[in-house]
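Q: Handing you a structure now.
Nothing in this text is a laboratory measurement; each read-out follows from the coordinates by a stated rule. These numbers were taken from a predicted model, which means no experiment stands behind them. Note that each Cβ is placed from the backbone with ideal geometry, even for glycine, and that neighbours are counted across all protein chains shown.
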Amino acid sequence: MLASTMPLQRSVAPILCVQPSRALVDEKFTVLVKNLPPGGPFTVRSLHLSEDNDYWEAYGHYVSNHQGELSVWDDLSFGGTYTGREPMGLLSSMRPIPGSRPGLRLRKKDVTTPMLVTISVYCGHEDYRDQTPLASVLTERWHMAPGVQRFPLQENTVRGTLFIPPGPGPFPGILDMWGGGGGLLEYRAALLASHGYVCLALEYFKPGEMTSANQEFSYFETAFNVIKDHPQVKTDRVGILGLSLGSAVTLNLATESSVVEPRCIVCVSPNNVFSQQTSIVGAFGDIFRFPVKHDENNCEIWREMILPLLKDSSRKVKKLRCPMLCISGCDDQNWPAVESVDDVMETLRAVGKDHLLTRADYPDAGHLIEPPFTPHFRATNFIRGSTMEKVVMLWGGQTKPHSEAQEDSWRKILSFLQHNLYGNDHARSRL
């Protein structure tokens with residue numbers, strides 16, 4: 001897609017090209033500007049209006065080359081929300097515009113519509129917000145590839161949404177679970193379906209309603225069987241993916257359930273405080289036996305409360321029967337993720353099962369390791385489910401290394417899933 005407007009003191013209008021302008025959210029794009037004055041300062045900016053009506057932006061300061069061109073893919077940014085060569089910095093470094101509400105987090109709610117991002121180029125490195133852009137392009141970032149089907153689910157008391165890839169099937173299946181914030185989050189499941197997996201995004205409690213959580217172990221077993229028994233799913237090729245609290249449920253399903261036999265599991269920011277004998281509410285009650293710590297900005301830090309519980313919960317890992325991939329941020333301030341994986345590895349090694357574990361630890365990455373190019377959130381608002389209290393949670397991480405961790409870990413997750421659920425036969429749906 002091309003867009004241009006007349007620049008100041010130029011007879012030829014600048015041309016801004018974004019390719020592809022319509023893509024999945026985990027696909028890269030190139031941003032190229034032509035017909036600029038050689039050696040001039042310019043700002044390239046992205047702008048997005050969220051479904052919560054908050055504006056998010058990212059921008060880099062560039063200098064055009066001797067041909068009057070600048071490339072976000074190839075050139076260095078000399079300032080802005082990112083610096084250096086950051087091909088996807090216009091997405092990964094997004095933040096709320098100045099004056100926005102504090103503690104925001106950007107998450108797609110309606111995955112049947114695209115995330116609309118306007119890319120613009122401005123003259124100069126200062127006061128660009130007061131200018132009319134030299135050129136702009138509207139881009140679409142999708143979680144659902146063409147042909148992916150979405151089915152809200154209310155079967156056997158399981159709450160969630162099922163996503164089915166295009167094609168005749170059957171496909172491998174994945175049970176997808178998020179963490180302690182609660183609610184039904186569909187965007188990762190939709191993206192996994194776009195890569196060829198029937199995926200069930202599971203809700204097990206609503207935001208801020210931890211006390212009403214579906215806390216019975218059988219609820220998760222039922223959810224697994226809902227996807228396993230679906231006619232479009234290969235019954236012996238079903239995996240589980242969980243982040244944060246969802247990873248604790250994932251690990252327990254793989255080690256303690258007598259009816260669930262996943263082909264593989266993925267644990268992002270892992271912890272194993274939940275067990276078959278302990279409800280989610282009970283697990284959080286154990287955590288809050290210890291005092292909550294705060295940083296200098298009064299953000300809550302939970303990792304220190306959870307560390308004492310690790311040794312008591314690692315014994316069950318001995319019963320692991322399938323390959324496991326663990327993704328951890330070394331600056332995770334919410335869970336002691338790296339220490340959790342250390343305990344898992346030590347336990348598995350003691351029983352000769354360490355070959356089942358693959359781990360990836362990322363220096364200076366935080367807790368919220370999401371699909372590629374998702375903005376980094378070091379601290380955001382959070383409703384503590386046990387008390388319904390609104391707090392600010394410190395997740396950790398630094399923007400550049402955290403963004404690199406998201407990109408690299410997503411490649412590892414897709415590779416791990418393909419190896420264990422597909423083998424060498426995999427057709428991917430693309431835009």
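Q: I'd like the GluC sites (Glu not before Pro) in the range 35-138 restricted to DSSP loop residues with at most 14 other Cβ atoms within 10 Å, sorted by number.
A: GLU51, GLU126
Q: Name the shape class, rounded, prolate or oblate, that the alpha-carbon gyration tensor gives for the range 305-377, where a ≥ b ≥ c are the square roots of its eigenvalues, rounded holds for a/c under 1.5, and otherwise prolate holds if a/b is larger than b/c and oblate otherwise.
A: Oblate, because a/c is 1.5 or more while a/b does not exceed b/c.
Q: A follow-up question, please. By how many nm would the segment from ARG349 to GLN232 lengthen if fully extended, with 0.36 nm per residue of separation less the alpha-carbon distance?
A: The span from ARG349 to GLN232 would gain 38.4 nm if fully extended.
Q: Would you calculate a helix-derived [θ] at 222 nm for the chain, using -39,500 (n - 2.57) for each DSSP H run of n ≥ 4 and dividing by the full residue count, to the nearest 500?
A: Rounded to the nearest 500, it is -5500 deg cm²/dmol.
Q: Which helices count as membrane-span-like in the chain under these terms: full DSSP H, at least 15 Å along the axis by C-alpha, Kyte-Doolittle mean of -0.5 or more?
A: 217-228, 245-256, 337-350
Q: Among bridges DSSP assigns within the range 1-154, what percent are antiparallel (round to 5)?
A: 90 percent
Q: In nm, give the distance between the simple-model label positions of GLN67 and LYS390, each being 7 Å from the Cα along the Cα-to-Cβ direction.
A: Spacing of the two 7 Å Cα→Cβ label points: 5.2 nm.
Q: Still on this structure, please answer the following. On a 24 Å Cα-Cα criterion, which of the cross-link pairs LYS206/LYS319; LYS28/LYS234; LYS108/LYS206; LYS206/LYS234; LYS108/LYS390; LYS206/LYS400 come out too long?
A: LYS206/LYS319; LYS28/LYS234; LYS206/LYS234; LYS206/LYS400
Q: I'd like the antiparallel share, as a percent to the nearest 5, of DSSP beta bridges with both residues in the chain.
A: Percent antiparallel among DSSP bridges in the chain is about 65.
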